[in-house]
Amino acid sequence: MNSPRLKYSLMALIFLILTITTSAHADEDFEETKRRAESGDAVAQFLLGSMYKIGKGVPENDKEAVKWYRKSAEQGIAQAQGNLGIMYALGQGVPENNTLAYKWLNLARLAGGQVGGNAQNVLDLITPKMTKEQITEAQKMATEWYEAHQK
């Protein structure tokens, strides 16, 4: 990530999303959240990812945060999709990859509301750094995921 402005903006957005989410679930106990997450609860998976990201009840661990965000994102939780996209954009817990960042952020954007607005802001920051081929591939991946997960 070459631009300090871009990195700072992405970090501010992920912190905002994490703060809003974890404050709404302030009473969540790490062990209980982990138990629910391991049983497949998508919201608990997102919360567990957030706990690992900020070190709430457990040491900070970006790789574990990505693991749990991915599980939650695959189940359609928009906040997890947005945070996973930001993690890819920053190369936190995973190698930096704007194509995968774009895929997950685009899916989060479709949720609309505050999550969608934040995702769009990050997309606006990373898109100029991408080639047309990368954008096309990311859009294809997002479309395939979306179509496969329609109910």
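Highlighted here are the helices (runs of 4 or more DSSP H) found entirely within the range 89-149 that include at least 3 residues which are in contact with a Leu (Cβ under 6 Å, 6 or more places away or on another chain): 113-126.
Scan the range 53-90 for residues that are out of contact with any helix residue (DSSP H, G or I) (no Cβ under 6 Å at 6 or more places or on another chain) and on the phi > 0 side of the Ramachandran plot and jot them down. Once the filter is applied, which keeps residues that are out of contact with any helix residue (DSSP H, G or I) (no Cβ under 6 Å at 6 or more places or on another chain) and on the phi > 0 side of the Ramachandran plot, the range 53-90 yields Gly55, Gly76.
Quick check, is Glu38 of a type outside the set (A, V, I, L, M, F, W, C), at pLDDT below 95 and open to solvent by 20 Å² or more (accessible area, probe 1.4 Å)? When the stated conditions are applied, Glu38 does not pass them. The listed residues are Gly57, Gly85, and the only one of them that is open to solvent by 40 Å² or more (accessible area, probe 1.4 Å), in contact (Cβ under 8 Å) with a residue 12 or more places away in the chain and either within 18 Å of Val43 (Cα to Cα) or in contact with a His (Cβ under 7 Å, 6 or more places away or on another chain) (or both) turns out to be Gly57. Consider the range 132-151 and keep the residues that are within 11 Å of Tyr102 (Cβ to Cβ) and β-branched (Val, Ile, Thr). The one that is most open to solvent (accessible area, probe 1.4 Å) is Thr136.
The values are calculated or read from the model by the stated rules, or taken from the named source; none is laboratory data. Note that this is a predicted model, so its numbers are computed, not measured. Don't worry about glycine lacking a Cβ; one is built from the backbone with ideal geometry, like all the others, and counts go over all protein chains shown. What goes into the accessible areas is simple: the full protein's heavy atoms, side chains included, and nothing from ligands, DNA or RNA. Shrake-Rupley method; radii C 1.70, N 1.55, O 1.52, S 1.80 Å.
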